[in-house]
Amino acid sequence: MGIFKNLEAEMVRGDLKNEDLAEELEITPHTVRRKLNGEIGVAIDEARKIQKRVNRAVKADFTIDYLFAK
């Protein structure tokens with residue numbers, strides 16, 4: 001379970017997997033998992049890409065602050 005509960009909930013709602021974010025970020029699913037668990041940081045450009053991908057999936061306009069709230 002990750003530290004970004006809102007992001008996790010919206011990923012479920014949008015049927016997004018770590019693999020989907022990995023493809024968007026051009027990194028491995030393992031690295032995505034480590035980022036979402038707080039083991040390594042999420043760069044602002046990565047957060048923006050994740051935000052756009054999640055918003056497309058759930059047809060919403062969530063902010064980075066909302067998605068990455070701890």
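The values are calculated or read from the model by the stated rules, or taken from the named source; none is laboratory data. If you're wondering where the values come from, they're calculated on a predicted model, not measured in any experiment. Here the Cβ is made from the backbone with ideal geometry for all residues, glycine too, and neighbour counts use every protein chain on show. Heads up: the accessible areas ignore ligands, DNA and RNA and are worked out on the full protein's heavy atoms, side chains in. Shrake-Rupley method; radii C 1.70, N 1.55, O 1.52, S 1.80 Å.
General observations
- Restricting attention to segment 1-34 and to residues that are over 16 Å from ALA69 (Cβ atoms) and of a type in the set (S, T, N, Q), the residue that is most open to solvent (accessible area, probe 1.4 Å) turns out to be THR28.
- All positions within segment 36-59 that are among the aliphatic types (A, V, I, L, M) and assigned to a helix (DSSP H, G or I): LEU36, ILE44, ALA47, ILE50, VAL54, ALA57, VAL58
- Checking each residue in segment 35-57 for being farther than 13 Å from PHE68 by Cβ and surrounded by 15 or more Cβ atoms within 10 Å (Cβ to Cβ) picks out ARG53, ASN55, ALA57.
- Residues satisfying the stated conditions in segment 1-10, i.e. within 16 Å of VAL58 (Cα to Cα) and either of a type in the set (Phe, Trp, Tyr) or touching a Leu at 6+ places or on another chain (Cβ under 8 Å) (or both): ASN6, LEU7, GLU8, GLU10
- Test: residue in segment 60-69 that is outside any helix (DSSP H, G or I), without any contact (Cβ under 8 Å) to a residue 24 or more places away in the chain and either under 10 Å from the mean Cα position of the chain (by Cα) or surrounded by fewer than 16 Cβ atoms within 10 Å (Cβ to Cβ) (or both): yes
- Within segment 28-43, considering residues that are in contact (Cβ under 8 Å) with a residue 12 or more places away in the chain and more than 19 Å from ASP15 (Cα to Cα), the one farthest from the chain's Cα centre (by Cα): GLY38
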